[in-house]
Amino acid sequence: MRRTLVFLSVLGVVLASCGDTGGSGTTSTPPPGSTSDSAAQESTTTAGAPVDDLIVYSGRNENFVSPVVDAFTEATGIEVSVRYGDGTSDLAATLLNEGDTTDADVFWAQDPAWIGVIGDEGLLADLGTDILELVSDAYRDADGRWVGITARSRVLVYNPDLVSEDELPQSVSELTQPEWNGRLGIAPGNASFIAFVSAMELVEGPESTLAWLEGIASNGVRTYDGNGAIVDAVIAGDLDAGLVNHYYLLQRMADQGEVSARNHFFAPGDTGALVMATGAGVLAPSDNQEAANEFIRHLLSSESQEHFSATLFEYGLIDGAPTPEGQLPLSELAGPDINLSDLADHLDTSVDLIAQAGLS
Amino acid sequence: MIAPAGVFPVKEMPREGRRTASPLLWSLGMAAVVPAATPIGYLIWTVVRPGGFDAGGFSAERLLGLLAATTLLTATVTVTTAVLGLATAWITTRTDLPGARIWSTLVTLPLVIPSYVGAMTMLAASGNNGMISQVLGALGLPTLPVFQGFWAAWAALSLWNFSFVHLLTVPVLRRLDPALEEASRGLGAGRWRTVGSIVLPQLRPALASSSLLVALYVISEFGAVSMLRYETFTRAIYTQFGGRPDPTPALFLAGLLVIGALFVVLVQQRARGKVALYSNRPSRSVTTVRLGRWGRAGAVGFLGALVTLALAIPMATLAWWAVRGLALGNSPLSVLPHAMRSLSVSAVAAIVIVVAAIPVSILAVRFPGKRSRALESTAWLTYSLPHLAIGLGFLVLSVRIARPIYQTLVLLVIAYLAMFLPQAMASLEAGLRRIGPHLEEASRSLGVGGWPTLRRVTIPLIRRSVLAGAALVFLSVMKELPATLLLRPTEFDTLAVRIWGATSELFYTQASFASLTLIAVSFVPLYLFVARDLHQ
């Protein structure tokens, strides 16, 4: 029993030292001189004041978000708590359930369809024109409820040892051809893939979208957990090519140097060349509208936009935002002629189609 | 009062007029199972609503295919873990293998490796670029194919779950009364017949409990199976959850899964047997089998191979990533706050859950009947549900009817109680079955009340089972991800959350720091309360 007692008392100490949940691990340590107890006390009191504390639901990864959040707090003095999700959909589900009672002030989504769902639910406040006009109208909500922060393009990532240049398809429709049998990878549960299927539905209608999905299914398509797994399989030569977003390969190259994989952009106008915005909006129930708008302005500041381009390798969306190294400029990318705000309505049917084709 | 032979075959069916459980015990037992019943209630409510029958575009053939894939994986992993766990338990308790205790500790350690971390290291080791392939390539040997599909999922889930069987069967094997086996041999039965008619029946309850833990875990598993590209029913449920705003199809599919799990639970309750075998501490220790030189070599080879595959390779891979990260100037200290959060919430949950399991286990073992079986089954059914479905159920309900606890640790611990109660129950029930009711009945007959008897007789007798149950729950909470993500207080990011965040973007260095910390923190209670006690 003594061991149990020792364990419990250690536990008590740990619990006491944990105290309040504040701090995401990236926040600063208490200033020298102050005991940790009083520091915790202090941060609780500041957190208790609703005016200053901003709550951001982020579908984006902590590694990309936390530097930008820290810079915001440093510049404005506004403390930010970030709730990270596993992608965007679980946070969207959280928001849909919280509805008007949500504590969140900002929703920062990885995907235009999901933020559209939240907007269509009436949960997003209208953004001011000063924010909306920072970004071209192709990358923001038609009704002004969310604004694009960055853009990413769908591409075909391929291993040049396994796929020759003249084999590269101009359109995703070619991927149902016999020469691609067993060579293609997709991530059917990934939000970007689903958004791409929704775009195809908008352009070509559900029948021909289902036919395409069934076409790649019967052509021995290999399904993966996510985009990262596809890019790694292609780099390793375990897979010839895969449909992913453009930046995964660039992140790998930043980490590992030169790797044996390339991004191939589909022909302008093809569904496979879809360019998607990652968007942010202010929650309508938030009683902290001003700070929330300030945060979105911060995401569209040139410092933040440069950070996204340099570390995420996504395209910034404000005038003069830099093009990620080694990529075509955003102006030369042309996806299918659709409105990103229309994707939200098609998530349910797209997931149905993917399941009907036996891919999920 | 206690017969010298250690085993009492007792018909478990209650006779007329036998003492019944007090209303207080029933209330406590039911209260403990309320959280587990909550997600099931939510599922039923969703499915019976108009429009609730929505399979989300899946054809019947596809659903049957996924069900068959899940069944195949569940059956093969359950059988494999039973064989491996029984083998390790037998070798480390019943033979003269040198260092048996150390081996026994080593084979429990794979439990600290989350299966998604294990899968991640399997993928990193295999394939053209894999670490093992690079070593093989340098030696001029052909490289390994990518570990993926059925065989990879089977191997991963078997390697990281067989220790459940080991843990629950070792105490039984250690307490078998040698007199029974000797009597069987003396009456002319051969060694195998003795094993079949004397040893296995005594192992049946422990084997049934641990197999149920494994089987229902496999049914609910998502992370490793998905990374290793094996398509199961649960993976389809997650795809539906993640893909669309309407949760109905995912919940409908989860409802189908629960029906399958119910079948498994009923099979287990049958397999457990109606005969309860209570054994007191045998008068002398069990006979040991003398392994010859070849027997020893075989045993060491078998245990060594298991430990290498389940423990050494994943740890080496993580250590390699960590060293590489350190060389690049990354600081492992960044995961300290995450470790504190994981440690505190897991410890609190472990204590709460093991305490809640006590009344349920007493009801199940001492007062068998329809009502106690229903309580038990409810807890077990929830154990088979995908954690995302459980998390969503609690999210939906707490937002609407329990807003003050929404996104607090209270809600998180309640959800863990719903998810992991059966682990504590399995351990406690094994303990209760071993000691038998005689001492408790003696205490009651001497005029001691029910509550003091529980406190002064029962709990001290099953102290080790209580600690082992708490440790198992602690490990599971440390590793839990999907429900934690949905329900945690904002910014309460645990080690598992950190690992997932890092691996989803393939930041291996960060993932390795967090994984190694999780393994180190998990090791302490496993060693102190479980592994060290096993052979005392």
Considering only DSSP beta bridges where both residues belong to chain A, give the percentage that are antiparallel (nearest 5).
65
Over chain B, what is the relative contact order in percent, taking alpha-carbon pairs closer than 8 angstrom and at least six residues apart?
24
Once both labels are modelled 7 Å past Cα along the beta-carbon direction, what's the B:R373-B:L72 spacing in nm?
3.3
In debye to the nearest 20, how big a dipole does the stretch B:170-241 give about its Cα centre with +1 on each Lys and Arg Cβ and -1 on each Asp and Glu Cβ?
120
Compute the label zone of A:E133 within the stretch A:301-320: residues whose backbone N is under 19 Å from the point 7 Å along Cα-to-Cβ.
A:301-302, A:317-320
For the stretch B:126-168, what Kirkwood radius comes out of the mean inverse Cα-Cα distance, in Å?
11.9
Sorted largest first, the Cα spans of the stretch A:48-133 on the principal axes come out in Å as 33, 32, 28
With 10 Å bins from 0: P(r) over the protein assembly as shown, alpha-carbon pairs, percent:
2, 12, 21, 24, 20, 12, 6, 2, 0, 0
Cα-based equivalent ellipsoid of the stretch B:170-320: semi-axis lengths in Å, sorted from largest, via gyration tensor
41, 25, 11
With the contact rule set at Cα under 8 Å and sequence spacing of 6 or more, what percent relative contact order holds for the stretch B:472-527?
37
Report Rg(Cα)/(2.2 N^0.38 Å) for the stretch B:179-247, keeping two decimals.
1.99
Considering the alpha-carbon set of the stretch B:142-233 alone, what are its Rg and its Dmax in angstrom?
18.7, 56
Quick calc, A:E258 & B:R463: beta-carbon distance into FRET formula, R0 60 Å, rounding 0.05, result 0.50
Quick one: net charge around B:L495, please, counting Lys, Arg +1 and Asp, Glu -1 for every other residue with C-beta under 10 Å from its C-beta.
+2
Using the Kirkwood radius built from alpha carbon pairs, what does the Stokes-Einstein equation give as D for the stretch A:65-220 at 37 °C and 0.692 mPa s, in µm² per second?
176
Restricting to DSSP H runs of at least four residues, report the calculated mean residue ellipticity at 222 nm for the protein assembly as shown, -39500 (n - 2.57) per run over all residues, nearest 500 deg cm²/dmol.
-18000 deg cm²/dmol
What's the extension gain from B:N128 to B:S331 if we count 0.36 nm per residue and subtract their Cα-Cα distance?
70.1 nm
Pull out the extension gain between B:W45 and B:R532, defined as 0.36 nm times the separation in residues minus the alpha carbon to alpha carbon distance; nm, one decimal.
170.8 nm
Out of every Cα pair in the stretch B:408-517, what percent are spaced more than 18 Å from each other?
63
Assuming 0.692 mPa s and 37 °C, estimate D for chain B with Stokes-Einstein, Rh taken as the Kirkwood radius over Cα pairs, in µm²/s.
135
Roughly how many nanometres apart are two label points built 7 Å out from the Cα toward the Cβ at A:D70 and B:A60?
5.8
Output the 0 to 90 degree angle, nearest 10, between the alpha-carbon long axis of helix A:89-98 and the longest principal axis computed from the alpha carbons of chain A.
50
Neighbours of B:A357 by Cβ distance under 13 Å: Lys/Arg at +1, Asp/Glu at -1, summed charge -2
Roughly what % of DSSP beta bridges within the protein assembly as shown run antiparallel, to the nearest 5?
65
Filtering GluC sites (Glu not before Pro) in the stretch A:202-292 by DSSP loop and by at most 13 other Cβ atoms within 10 Å leaves A:E258
Rh (Kirkwood; distinct C-alpha pairs) - the stretch A:59-101, Å:
11.7
Expected unfolding gain across B:V34-B:A271 under the 0.36 nm per residue rule, minus the alpha-carbon gap, is 82.7 nm
Charges at C-beta only: +1 for Lys and Arg, -1 for Asp and Glu. How large is the resulting dipole of the protein assembly as shown about its Cα centre, in Debye rounded to 20?
8220
Hey, could you get me the Stokes-Einstein D for chain A, Kirkwood radius over alpha-carbon pairs, 10 °C and 1.306 mPa s, rounded to whole µm² s⁻¹?
72
Considering all projection directions equally, how large on average is the shadow of the alpha-carbon convex hull of the stretch B:71-201, in square nanometres?
10.8
Dividing the alpha-carbon Rg of the stretch B:421-486 by 2.2 N^0.38 Å yields what?
1.43
Alpha-carbon centroid distance for the pair the stretch B:198-262 / the stretch B:443-460, whole angstrom:
39
Counting each pair of different Cα atoms once, what's the Kirkwood radius of the stretch B:331-399 in Å, rounded to one decimal?
14.9
Charge dipole of the protein assembly as shown built from unit charges on the beta carbon (Lys, Arg +1; Asp, Glu -1), centred at mean Cα; most positive-end Cα among A:P112, A:A151, B:G127 is B:G127
Magnitude of the Cβ-charge dipole of the stretch A:200-259, K/R +1 and D/E -1, about the Cα centre, nearest 20 debye?
100
Normalising by the residue count of chain A, find the relative contact order in percent from Cα pairs under 8 Å and 6+ residues apart.
24
The stretch B:97-154: radius of gyration over Cα atoms, expressed as a fraction of 2.2 N^0.38 Å:
1.46
If you take every residue apart from A:E306 with its C-beta less than 14 Å away from the C-beta of A:E306, what net charge results, scoring Lys and Arg +1 and Asp and Glu -1?
-4
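A short reminder: the numbers here are calculations on the coordinates, not readings from a lab. If you're wondering where the values come from, they're calculated on a predicted model, not measured in any experiment. Positions of Cβ are generated from backbone atoms using ideal geometry, with glycine treated the same way; all protein chains shown enter the neighbour counts.
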